[in-house]
Amino acid sequence: MGARYGWVLTDARGPGLLRGRFEYAVDALPVLVAFQPGGAAYGIGFNPWVMKWNFATPRRRSPYIEVGGGLVFTTRQVPAGANYFNFTPGGAIGVTLVRGKYHRGIDFRYFHVSDAQITAFHPGTDTFGFRMGVGEFVHAK
């Protein structure tokens with residue numbers, strides 16, 4: 001479970017199908033649960049770096065791609081035997097459904113959980129999944 005705050009930084013730019021808007025965002029993950037052998041790990045996370053390209057379309061559907069990264073702190077080592085602190089680089093491809101100032105989104109997401117070889121045991125974990133969200137567009141004053 002988490003929250004995102006983003007800033008659309010550009011007007012629509014680019015040729016043809018690649019035309020879109022560049023967005024920067026930050027994510028807060030106040031609730032994180034990792035199910036693994038030996039028991040679940042609970043934690044919090046923060047992604048201070050999310051770069052997103054929102055493709056411009058004439059419809060109320062806006063596909064996007066994004067890359068980003070952050071860190072997580074957990075109550076147990078993730079993966080088991082590794083570290084309580086990990087980095088989480090990742091990416092996603094999805095679509096935003098716009099209706100007025102509100103929107104819904106769904107994406108297919110990949111992220112890697114790793115301590116970047118801080119510890120001797122460094123297996124890393126790759127995760128794939130779907131994410132759904134709701135939001136509101138707020139224009140700067």
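Values quoted throughout were computed directly from the atomic coordinates according to the rules given, and no laboratory measurement underlies them. Note that this is a predicted model, so its numbers are computed, not measured. Here Cβ is always computed from backbone atoms with ideal geometry, including for glycine, and neighbour counts include all displayed protein chains.
For region 3-136, averaging the sequence separation of C-alpha pairs within contact (under 8 Å, six or more residues apart) and dividing by the residue count gives a relative contact order of 16 percent.
Averaging Cα coordinates gives a centre for region 36-64 and one for region 68-116; these two points are 6 Å apart. The relative contact order of region 4-66 comes to 29 percent, based on Cα pairs under 8 Å that sit 6 or more residues apart. When only the Cβ of Lys, Arg, Asp and Glu is charged (+1, +1, -1, -1), the dipole of the chain relative to its Cα centre reaches about 760 debye. Taking amide H as placed 1.01 Å from N in the peptide plane, the amide H of Q36 sits under 5 Å from that of A41, each at least 5 places away or on another chain.
Spin-label pair I44-F137: with each label point 7 Å from Cα along the Cα-Cβ axis, the two points sit 3.2 nm from one another. Only residues of region 22-50 count here: report those whose backbone N is under 14 Å from the spot 7 Å along Cα→Cβ of T10, or say none. Within reach of a label on T10, which here means backbone N under 14 Å from a point 7 Å along Cα→Cβ, region 22-50 contributes 22-24.
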